[in-house]
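Student: Quick one: the structure is below, questions incoming.
The values are calculated or read from the model by the stated rules, or taken from the named source; none is laboratory data. None of these values were measured; they are calculated from a predicted model. Cβ: placed from backbone, ideal geometry, glycine included. Neighbour counts: every protein chain shown.
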Amino acid sequence: MPVSSFFGLQTTLRGLIAQQRMLDTTGHNIANAATVGYSRQEATLAATRALQITVSGSINQVGAHLGAGVDVTGFRRIRDQFLDAQYRAQNTSLNDWKARAEALDSAELSLAEPGENGISAQLTKFWQAWSDLSNAPNDEAAKQAVVQQAQGLMDSIHSVRAQMVMAQEGAMGQYDQIAQPGGEVSQIATELAELNKVISQHLVHGDAPNDLMDRRDVLLDKLSGYGQISVEQLAGGSLNVAFVDATTGTAYPIVSDQTAEWAGPPAGGWSPGGQMGGLLAVAKPGGMIDGYLDSIDSLADNLATAVNGAYGGTFFTTGAPAGATIAVAAPIQANPASITSGTGGPGSNDLALAIAQLQGNAGIDGAYKAFVAKVGGDLNETTRMQTNAQILTDSVENRRQSVAGVSMDEEMSNLVRFQRAYQASARAMSTMDEMLDVLINRTGRVGL
Amino acid sequence: MRITTSMVQRNVLADLNMLSNKLAKTQSKAASQKEITRPSDDPFKASQAVGLRASLGANEQYIRNIEDATGWMDSTESALDSISGFLNRARDLLLQGSTDTADVTSRLALAGELDQIIDGIKQSANASYGGRYIMGGTEIDNPPYEVGPNDAYQGDEGGLDPAIPGIVREVGPGVTMTINTVARELLGDGQAAGDDKLLHVLRDIADHLRANDGAALRGGDLTRLDAQVDKLLSIRARNGAQTNRLEAATTRLDQISLALTTQLSKTEDADIAKVMIDFNSQAAAYQAALRAGANIVQSSLMDFLR
């Protein structure tokens, strides 16, 4: 089979086109070097189907394959799905600890310990006021001071409790913003369903919508921060995505193929992990902050019971919850002089003394000390876990970036490579051109 | 491993972040001079510090209580001292009156002086400290004795009768001390009660002087008066012992306060030298990281390709 004279031109043209596509891809990579979730792309090249020719000089006279240049067969994004899965698992745990640490941080701040305004300092002053009263049992100024200090202590207890409740409500509000219908998960679900649809349409036609797939992966990364997710690949390139309960393993669908399924968190309790799990662990009824509130309430209760018991009357009144309602009894507030310091004459101080001796009581000072250690310990552990999770997430993210990220040096050297290849192809084409010039313009002109 | 541009940026940023976090922490240590500013910095030490602060506060209060108690005891002691002076004078008068050379007139004069002494003793027993009568039990608002013929004790039994709490001060954790001396213990309720206490004895002596009863004066009266002197001495000895106990307690509490303060400082105070060295080395590391980061992030192959 004869080979066309113009065959070489076609071959070099294919080369030119391919190098141009490579340059385009490089440009795309450079342009997206800083795009979140972008995975670098590469034009996949393959030698064009060779031209089979018969060669007279060949040994068996069968023929030979004449290379016909290069074709761009597609553009692929370079990404490792195994690393994606690893990253998402780490991201779930990181966001879990992060959410806990943030909520507990504000709970701890409200304690104002160690310092002059914490409950501990106020308790000490309260006991001191009673001790001073026992030194001057019928001194009105001392009685006034007892009431003042008692109210200062009440203020501290109330404000610590109120701020903890605020931290709890803040965390619950954040959780609702993420999980409730119309929240962030719902929005992501809608977008994912849409992306699933578009991506499958493209894949049916055989072209890979790399940038849409990148976008979908970014959304999955985001979801993995909210909770533990499972991602199921469907045949058409679509995805089923669901939250998975960290303890029971129950799946709660977010997106099934092209339908957004998310309609808010399940009615009963669940432990989704991630930011939602962290927020729930801290703020749900019976969660960590509820435990702190119980401690404050039982401290207030113990304080009221012990002081009233020693006083032999009502000095503190409490309601429910004790920590928010404990107060100096109204008659005493109205008339501090009505405090009785002792059961005997005006100089007797047995009652004041009995109350002053409550200092260091295991149910009050001791319980508070243990409470401070508990709150501090919880946050300390959470922060440590967060740091660990951060390091692990960073290292997986580094590995992911190592595969999928854009390296400027690499792109620059590619740029040079493809440019040179383009130039060389162009040179080959001009060589062909010169050859044809000889053939067309100078051949067969004998005698002209 | 393939190193990409975004990795380099992320790493540089993460390192800078970590270093500036450390710097901020060290800076806050330097500014607050405290190793622990929040419980989560070191939960164990933080709760220890809370406990130490409470103990320190209690200790200060004990010291304050003891100061008050010492003032009270000192006032009691000076009252007892003046009673003791009166008692010695009364004994002198008794000795003068009991001699055979003393006649009716001189004995009458002595009896007159003795009446004054009785009033003086009562006034001494009415001593007060900070506006509070100190020898009337827990009845601190009213004087325990009326000056004049009525010798009845006006206060209560607080501190004298073990069943009735008197003036009590807390001088240590769980340690209390009754600091009041009840005047009735020494002075009694006078002749009407017939309790053979100081006022009763002195009134009897005055009566004997007026009645010119030399035999009684020489006989029982001197013995009875000496018994009162002994009684006073024993009360003063008890008072003195209590004062000593208070002093010892103060010394001990001062030492405990010092120990607690030292321990608190060790628990929560920052070692300034260490903090400053940390700060300097971290600042140096931060600057080095900034410089290195600036060089790494800026340069690429582009700088070298034509």
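Student: Within the stretch B:22-73, track down each residue that is in contact with a strand residue (DSSP E or B) (Cβ under 7 Å, 6 or more places away or on another chain) and aliphatic (A, V, I, L, M).
Tutor: Scanning the stretch B:22-73 gives B:66, B:69.
Student: In addition: On the given criteria, is residue B:170 in contact (Cβ under 8 Å) with a residue 24 or more places away in the chain, within 14 Å of chain A (Cβ to nearest Cβ), of a type in the set (Asp, Glu) and surrounded by fewer than 22 Cβ atoms within 10 Å (Cβ to Cβ)?
Tutor: Numbers: in contact (Cβ under 8 Å) with a residue 24 or more places away in the chain: yes; within 14 Å of chain A (Cβ to nearest Cβ): yes; of a type in the set (Asp, Glu): yes; surrounded by fewer than 22 Cβ atoms within 10 Å (Cβ to Cβ): no.
The answer is no for residue B:170.
Student: Next up: Being more than 18 Å from the chain's Cα centre (by Cα) and touching a residue at least 40 places away in the same chain (Cβ under 8 Å) narrows it down to one of A:256, A:298, so name that one.
Tutor: Working: A:256 fails: touching a residue at least 40 places away in the same chain (Cβ under 8 Å).
Exactly one residue qualifies, and that residue is A:298.
Student: Turning to a different aspect of this structure: Only one residue in B:250, B:262 is more than 14 Å from chain A (Cβ to nearest Cβ) and either in contact with a helix residue (DSSP H, G or I) (Cβ under 6 Å, 6 or more places away or on another chain) or part of a loop (DSSP other than H, G, I, E, B) (or both), so which one is that?
Tutor: Numbers: B:262 fails: either in contact with a helix residue (DSSP H, G or I) (Cβ under 6 Å, 6 or more places away or on another chain) or part of a loop (DSSP other than H, G, I, E, B) (or both).
The unique qualifying residue is B:250.
Student: So is residue B:153 more than 14 Å from chain A (Cβ to nearest Cβ), within 24 Å of residue A:343 (Cα to Cα) and either in contact with a Pro (Cβ under 8 Å, 6 or more places away or on another chain) or in a loop (DSSP other than H, G, I, E, B) (or both) or not?
Tutor: Working: more than 14 Å from chain A (Cβ to nearest Cβ): no; within 24 Å of residue A:343 (Cα to Cα): yes; either in contact with a Pro (Cβ under 8 Å, 6 or more places away or on another chain) or in a loop (DSSP other than H, G, I, E, B) (or both): yes.
Here the answer is no, as residue B:153 does not meet what is asked.
Student: Which residues, counting only those in the stretch A:358-373, are within 8 Å of chain B (Cβ to nearest Cβ) and in contact (Cβ under 8 Å) with a residue 40 or more places away in the chain?
Tutor: A:359, A:365, A:368, A:369, A:372
Student: Yes or no: residue A:390 touching a Gly at 6+ places or on another chain (Cβ under 9 Å) and touching a residue at least 40 places away in the same chain (Cβ under 8 Å)? Steps first, answer last, please.
Tutor: Numbers: touching a Gly at 6+ places or on another chain (Cβ under 9 Å): no; touching a residue at least 40 places away in the same chain (Cβ under 8 Å): yes.
In short, no.
Student: Which condition number does residue A:382 fail, the rest of (1) more than 8 Å from every other protein chain (Cβ to nearest Cβ); (2) outside any helix (DSSP H, G or I) being met?
Tutor: That leaves (2) as the condition not met.
Student: Name the one entry in B:101, B:37 that is assigned to a loop (DSSP other than H, G, I, E, B) and not assigned by TED's automatic domain parsing to the domain that holds residue B:124.
Tutor: Numbers: B:101 fails: not assigned by TED's automatic domain parsing to the domain that holds residue B:124.
That would be B:37, the only listed residue that is assigned to a loop (DSSP other than H, G, I, E, B) and not assigned by TED's automatic domain parsing to the domain that holds residue B:124.
Student: Can you tell me which residues in the stretch A:241-251 are touching an Asp or Glu at 6+ places or on another chain (Cβ under 9 Å) and buried (at least 19 other Cβ atoms within 10 Å of the Cβ)?
Tutor: A:241, A:242
Student: Next question. I'm trying to understand the selection: among the residues of the stretch B:9-35, which are closer than 22 Å to residue A:386 by Cα and touching a Phe, Trp or Tyr at 6+ places or on another chain (Cβ under 7 Å)?
Tutor: The answer is B:19, B:20, B:23, B:26.
Student: To continue, here is another question. Given the options B:79, B:90, B:58, B:69, name the one that is crowded, with 17+ Cβ neighbours inside 10 Å, assigned to a helix (DSSP H, G or I) and touching a Lys or Arg at 6+ places or on another chain (Cβ under 7 Å).
Tutor: Numbers: B:79 fails: touching a Lys or Arg at 6+ places or on another chain (Cβ under 7 Å); B:90 fails: touching a Lys or Arg at 6+ places or on another chain (Cβ under 7 Å); B:58 fails: touching a Lys or Arg at 6+ places or on another chain (Cβ under 7 Å).
Only one candidate qualifies: B:69.
So that you can scan it fast, the table gives a plain yes or no per residue for (1) in the same structural domain as residue B:159 (by TED's automatic domain parsing); (2) not small (Gly, Ala, Ser):
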{"residue": "B:6", "(1), (2)": "no, no"}
{"residue": "B:17", "(1), (2)": "no, yes"}
{"residue": "B:74", "(1), (2)": "yes, yes"}
{"residue": "B:91", "(1), (2)": "yes, yes"}
{"residue": "B:97", "(1), (2)": "yes, no"}
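Student: Hey, any hits in the stretch B:140-147 for a residue that's in contact with an Asp or Glu (Cβ under 7 Å, 6 or more places away or on another chain) and within 11 Å of chain A (Cβ to nearest Cβ)?
Tutor: no
Student: Then there's this: Need the failing condition index for residue A:291 against (1) surrounded by fewer than 17 Cβ atoms within 10 Å (Cβ to Cβ); (2) among the small types (Gly, Ala, Ser); (3) outside the structural domain of residue A:350 (by TED's automatic domain parsing); (4) not in a loop (DSSP other than H, G, I, E, B), just the number.
Tutor: (3)
Student: Name the single residue that is modelled with the lowest pLDDT among those in the stretch A:24-53 being over 26 Å from residue A:218 (Cα atoms) and surrounded by 12 or more Cβ atoms within 10 Å (Cβ to Cβ). Before you say what the answer is, go through the steps one by one.
Tutor: To start, the set of residues in the stretch A:24-53 that are over 26 Å from residue A:218 (Cα atoms) comprises A:45-53.
Add one more test, that the residue is surrounded by 12 or more Cβ atoms within 10 Å (Cβ to Cβ), and what stays is A:45, A:47-48, A:50-51, A:53.
Numbers: A:45: 92, A:47: 94, A:48: 92, A:50: 89, A:51: 86, A:53: 81.
That would be A:53.
Student: Looking only at the stretch B:58-86, filter to residues that are within 14 Å of chain A (Cβ to nearest Cβ) and among the aromatic types (Phe, Trp, Tyr); which one of those is farthest from residue B:257 (Cα to Cα)? First the steps, then the outcome.
Tutor: The initial filter retains those residues of the stretch B:58-86 that are within 14 Å of chain A (Cβ to nearest Cβ), namely B:58-73, B:75-76.
Next, from what is left, pick out any that are among the aromatic types (Phe, Trp, Tyr): B:62, B:72.
Values: B:62: 11, B:72: 24 Å.
Of everything passing the filter in the stretch B:58-86, B:72 is farthest from residue B:257 (Cα to Cα).
Student: Which residues, taken from the stretch B:36-50, are surrounded by fewer than 22 Cβ atoms within 10 Å (Cβ to Cβ) and over 23 Å from residue A:385 (Cβ atoms)?
Tutor: B:48, the sole residue that qualifies.
Student: Also: Scanning the stretch A:326-338 for residues that are in contact with a helix residue (DSSP H, G or I) (Cβ under 8 Å, 6 or more places away or on another chain) and surrounded by fewer than 24 Cβ atoms within 10 Å (Cβ to Cβ), which turns out nearest to the other protein chains (Cβ to nearest Cβ)?
Tutor: Of the residues in the stretch A:326-338, the ones in contact with a helix residue (DSSP H, G or I) (Cβ under 8 Å, 6 or more places away or on another chain) are A:326-328, A:331-333, A:336-338.
From the residues that got through so far, the ones that are surrounded by fewer than 24 Cβ atoms within 10 Å (Cβ to Cβ) too are A:327-328, A:331-333, A:336-338.
Working: A:327: 23, A:328: 21, A:331: 23, A:332: 22, A:333: 24, A:336: 18, A:337: 14, A:338: 17 Å.
The extreme case among them is A:337.
Student: In addition: If you check every pair at least six apart or on different chains, which have Cβ atoms under 8 Å apart with a residue in the stretch B:3-24 that is closer than 15 Å to residue A:411 by Cβ and at the interface with chain A (Cβ under 9 Å from one of its Cβ atoms) first and a residue that is of a type in the set (S, T, N, Q) and assigned to a helix (DSSP H, G or I) second?
Tutor: These pairs meet every condition: B:3/A:402; B:4/A:401; B:4/A:402; B:6/A:401; B:7/A:398; B:7/A:401; B:7/A:402.
Student: Taking the criterion of being within 33 Å of the chain's Cα centre (by Cα), part of a helix (DSSP H, G or I) and modelled with pLDDT under 90, would at least one residue in the stretch B:19-34 satisfy it? Please lay out each step first, then the result.
Tutor: Within the stretch B:19-34, the subset within 33 Å of the chain's Cα centre (by Cα) is B:32-34.
Cutting the leftovers down to part of a helix (DSSP H, G or I) gives us B:32.
If we keep only those that are modelled with pLDDT under 90 as well, we get B:32.
Yes; the residues of the stretch B:19-34 include at least one that is within 33 Å of the chain's Cα centre (by Cα), part of a helix (DSSP H, G or I) and modelled with pLDDT under 90.
Student: I've got another one for you. Can you tell me which residues in the stretch B:142-154 are crowded, with 16+ Cβ neighbours inside 10 Å and touching a helix residue (DSSP H, G or I) at 6+ places or on another chain (Cβ under 7 Å)?
Tutor: Applying the first criterion (crowded, with 16+ Cβ neighbours inside 10 Å) to the stretch B:142-154 yields B:143-145, B:151, B:153-154.
B:144, B:145, B:151, B:153 - these are the residues of the stretch B:142-154 that are crowded, with 16+ Cβ neighbours inside 10 Å and touching a helix residue (DSSP H, G or I) at 6+ places or on another chain (Cβ under 7 Å).
Student: Is it the case that residue A:399 is at the interface with chain B (Cβ under 9 Å from one of its Cβ atoms), within 30 Å of residue B:18 (Cα to Cα) and basic (Lys, Arg)?
Tutor: Working: at the interface with chain B (Cβ under 9 Å from one of its Cβ atoms): yes; within 30 Å of residue B:18 (Cα to Cα): yes; basic (Lys, Arg): yes.
In short, yes.
Student: Another question about this same structure. For the stretch B:185-227, which residues satisfy the criterion of being buried (at least 18 other Cβ atoms within 10 Å of the Cβ) and of a type in the set (A, V, I, L, M, F, W, C)?
Tutor: B:186, B:187, B:198, B:199, B:201, B:202, B:205, B:206, B:209, B:217, B:225
Student: Collect the residues in the stretch A:212-230 that are of a type outside the set (Ser, Thr, Tyr) and touching a Ser or Thr at 6+ places or on another chain (Cβ under 9 Å), keeping them in residue-number order.
Tutor: First, pick out the residues of the stretch A:212-230 that are of a type outside the set (Ser, Thr, Tyr): A:212-223, A:225, A:227-229.
Selection gives A:213, A:214, A:217, A:225, A:227, A:228, A:229.
Student: While we're here: Any residue that is more than 28 Å from residue A:282 (Cα to Cα) and assigned to a helix (DSSP H, G or I) - is there at least one of those in the stretch A:337-349? Spell out the reasoning first.
Tutor: Step one: filter the stretch A:337-349 for residues more than 28 Å from residue A:282 (Cα to Cα), giving A:337-349.
Next cut, assigned to a helix (DSSP H, G or I) only: A:337-338.
Yes: the stretch A:337-349 contains one or more residues that are more than 28 Å from residue A:282 (Cα to Cα) and assigned to a helix (DSSP H, G or I).
Student: Where residues in the stretch A:133-170 are charged (D, E, K, R) and either part of a helix (DSSP H, G or I) or loosely packed, with under 15 Cβ neighbours inside 10 Å (or both), which of them is nearest to the other protein chains (Cβ to nearest Cβ)?
Tutor: The first filter runs over the stretch A:133-170 and keeps only residues charged (D, E, K, R), leaving A:139-140, A:143, A:155, A:161, A:169.
Remaining after also requiring either part of a helix (DSSP H, G or I) or loosely packed, with under 15 Cβ neighbours inside 10 Å (or both): A:140, A:143, A:155, A:161, A:169.
Values: A:140: 12, A:143: 15, A:155: 18, A:161: 17, A:169: 22 Å.
It comes out as A:140.
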